[in-house]
Amino acid sequence: MKRIIIEGNHSLTGTIKIGGAKNSAVALIPACVLASGELTIKNVPNISDKDALIEILNLLNVSVKEEDGILKINTLKIKNNIIDEELSNKLRASYYFMGALLGRFKKAEIYFPGGCNIGSRPIDLHLKGFEALGAKIIKEDTKYIITADNLKGANIYLDFASVGATINILFAAVMASGTTIINNAAREVEIENIAEFLNKMGANIQGAGTETIVINGVKELHSAEIEVIPDRIEAGTYIIMGSLIGKNLIIDGVNPNHLTVVLNKLKEMGVKLKVTDHQVILNRTSNLKAVNVRTSVYPGFPTDLGQPMSVLLTQAKGISQFEETIFENRMGHVPNLQKMGAVIEYERQHATFHGKCSLHGAELIATDLRSGAALVTAGLIAKGITIINDAEHILRGYERIIHKLSNVGAKIEIVEV
Ligand code: EPZ
């Protein structure tokens, strides 16, 4: 098991470079199986989810060359093999191979996906989308066999603006005959990145980034190149850290337009930050004001930053209310913060923060990726030593986090125990 150890109270000074977006990259990589040829993906983050997806591509006899964050993926000899349970369980995004293999070969055999334990995370909306396009789905225990004689365009209504379902239906629809409309589609910026890649491959997609996406089916897709957009969640996490203990901390390679709601919320708290077209510069703000935070679908406050943001709420003077509205089990960080001295009342998806309280080091457990990020954030400002066990969760979504933080003055290390 990996353990992160942090000695708190060291200011963060210098520059942190933001990498490519995890939640874009984990869809762009499976998207390659839709095309026949060599595809290039640039600015791929060096995270364990990427490695797991490359393992799946290799299982499908797809060759991958990786150098300096650039993936060259050759699908000319692809075989539509079954994706085994162990690989499917490594990450949530393995489910994108459902839509991609169905879209390309009209057949996909894969197990129920893995991913952070932040809720039941069903895939009913994905499957309903596939069925609307004419697919038949057989579920054998945790294995799905999805087949279609033909995929025909359809008018699909998502009960919830699901990011995963929107992307998976895009994959299944790009070569269906006729027109598909996805209504109540997710509007996350990562979806625009993915639609851009598919259109470069020869797809015909309009409206990505809005709640109505129109896909006109094409015959086949070909080689293309794409650059992964900056990771707004990685950026937001380091911006929150800088608000707490930065000293001229520069977060570089950010697209501030992807973080409008978050930056406004920080300003509401009194955080002093300077924003340019690709940087956010932060200094520690001591007298933070209490605020209310409610997560929601894009462009609202992102659920993935709710947990790191909670640490900021422990340092704000007064009572802050927090509501998580996307996942039913995303409060794993709260008992850990309480163990560090935070005064928080919580029930299900609602928490009340009584600030400002000083945090002290403790031995903690990362329950999922973003709760792990919250514990790192708390460890950076806590008095004494903080130990975070099950730190593997954190490495799934934050490339070289130990290096990036050490480089700006944090006393942080990771060990195998
Ligand atoms: C993606 O998850 C991201 N993961 C999540 O990031 C992110 O929190 C989430 O979108 C919301 O922005 C990846 O992109 C790999 P959803 P996804 O489908 O696609 C329910 C991180 O920390 N739902 O928008 O799984 C579901 O249970 C991760 O980087 C259904 O009910 O999110 C959840 O309550 C965590 N049926 C809600 O919708 C479905 O078929 C949001 O799910 C699908 C989803």
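The values are calculated or read from the model by the stated rules, or taken from the named source; none is laboratory data. Since we're looking at a predicted model, the values are computed, not measured. Backbone-built Cβ (ideal geometry, glycine too); neighbour counts: all protein chains shown. Each accessible area value is taken on the protein alone, full model and side chains, heavy atoms only, with ligands, DNA and RNA left out. Shrake-Rupley method; radii C 1.70, N 1.55, O 1.52, S 1.80 Å.
For residues that are open to solvent by 20 Å² or more (accessible area, probe 1.4 Å) and aliphatic (A, V, I, L, M), scanning just the range 363-404, find the one that is farthest from Ile16 (Cα to Cα).
My answer is Ile365.
For Phe197, indicate whether it is more than 13 Å from the ligand (Cβ to nearest atom), part of a helix (DSSP H, G or I) and open to solvent by less than 30 Å² (accessible area, probe 1.4 Å).
Considered against the rule, which asks whether it is more than 13 Å from the ligand (Cβ to nearest atom), part of a helix (DSSP H, G or I) and open to solvent by less than 30 Å² (accessible area, probe 1.4 Å), Phe197 comes out as yes.
On the given criteria, is Ile385 away from the ligand (no atom under 16 Å from the Cβ), in the same structural domain as Gly306 (by TED's automatic domain parsing), on the phi < 0 side of the Ramachandran plot and out of contact with any Leu (no Cβ under 9 Å at 6 or more places or on another chain)?
Judged against the criteria, Ile385 is a match.
I'd like the residue in the range 125-161 that is within 20 Å of the chain's Cα centre (by Cα) and over 21 Å from Leu53 (Cα atoms) and, out of all such residues, is farthest from the ligand (Cβ to nearest atom).
Ala161
Listed here are the residues, each with its yes/no results for (1) open to solvent by 60 Å² or more (accessible area, probe 1.4 Å); (2) in the same structural domain as Glu399 (by TED's automatic domain parsing); (3) among the β-branched types (Val, Ile, Thr).
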| site | (1), (2), (3) |
| --- | --- |
| Gly37 | no, no, no |
| Ile54 | no, no, yes |
| Asn58 | yes, no, no |
| Lys79 | yes, no, no |
| Phe97 | no, no, no |
| Arg104 | yes, no, no |
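Here's a check for you: in the range 282-297, which residue that is open to solvent by less than 30 Å² (accessible area, probe 1.4 Å) and assigned to a strand (DSSP E or B) is nearest to Glu268 (Cα to Cα)?
Leu288
Please state which one of Thr325, Thr303 is at pLDDT 95 or above and over 17 Å from Ile240 (Cα atoms).
Every option except Thr325 fails the conditions.
Taking the range 106-121, which residues are closer than 18 Å to Glu328 by Cα and of a type in the set (A, V, I, L, M)?
Correct list: Ile118 only.
If I go through the range 200-240 residue by residue, how many of them are surrounded by fewer than 17 Cβ atoms within 10 Å (Cβ to Cβ) and hydroxyl-bearing (Ser, Thr, Tyr)?
2
This table checks each residue for (1) under 19 Å from Ile18 (Cβ atoms); (2) in contact with a His (Cβ under 9 Å, 6 or more places away or on another chain); (3) buried (at least 18 other Cβ atoms within 10 Å of the Cβ); (4) without any contact (Cβ under 8 Å) to a residue 60 or more places away in the chain.
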| residue | (1), (2), (3), (4) |
| --- | --- |
| Glu268 | no, no, no, yes |
| Leu305 | yes, no, yes, no |
| Lys317 | no, no, no, yes |
| Arg330 | no, no, yes, no |
| Leu337 | no, no, yes, yes |
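Looking at the range 87-97, can you tell me whether even one residue there is away from the ligand (no atom under 14 Å from the Cβ), within 20 Å of the chain's Cα centre (by Cα) and within 27 Å of Glu225 (Cβ to Cβ)?
Yes; the residues of the range 87-97 include at least one that is away from the ligand (no atom under 14 Å from the Cβ), within 20 Å of the chain's Cα centre (by Cα) and within 27 Å of Glu225 (Cβ to Cβ).
Is there any pair linking a residue in the range 396-407 that is in a loop (DSSP other than H, G, I, E, B) to one that is among the basic types (Lys, Arg), with Cβ under 6 Å and at least six apart or on different chains, and which?
Note: pairs meeting the criteria are Gly397/Lys22.
So the check is Cβ under 8 Å with 6+ separation or different chains; which pairs have a first residue in the range 222-247 that's without any contact (Cβ under 8 Å) to a residue 40 or more places away in the chain and a second one that's open to solvent by less than 20 Å² (accessible area, probe 1.4 Å) and part of a loop (DSSP other than H, G, I, E, B)?
Listed by first residue and then by second, the contacts come to nothing, as the list is empty.
Can you work out which of the residues in the range 47-68 that are touching a residue at least 12 places away in the same chain (Cβ under 8 Å) and touching a strand residue (DSSP E or B) at 6+ places or on another chain (Cβ under 7 Å) is nearest to the ligand (Cβ to nearest atom)?
Ile56
Being in a loop (DSSP other than H, G, I, E, B) and modelled with pLDDT of 95 or more: is that true of Pro45 here?
So Pro45 passes the test.
So which residues in the range 1-19 are touching a strand residue (DSSP E or B) at 6+ places or on another chain (Cβ under 7 Å) and either among the hydrophobic types (A, V, I, L, M, F, W, C) or open to solvent by less than 20 Å² (accessible area, probe 1.4 Å) (or both)?
If the condition is that a residue be touching a strand residue (DSSP E or B) at 6+ places or on another chain (Cβ under 7 Å) and either among the hydrophobic types (A, V, I, L, M, F, W, C) or open to solvent by less than 20 Å² (accessible area, probe 1.4 Å) (or both), then Met1, Ile4, Ile5, Ile6, Gly8, Leu12, Ile16, Ile18 are the ones that fit.
Going by what's in this entry, would Lys72 be described as more than 13 Å from the ligand (Cβ to nearest atom) and either closer than 23 Å to Ile191 by Cα or assigned to a strand (DSSP E or B) (or both)?
yes
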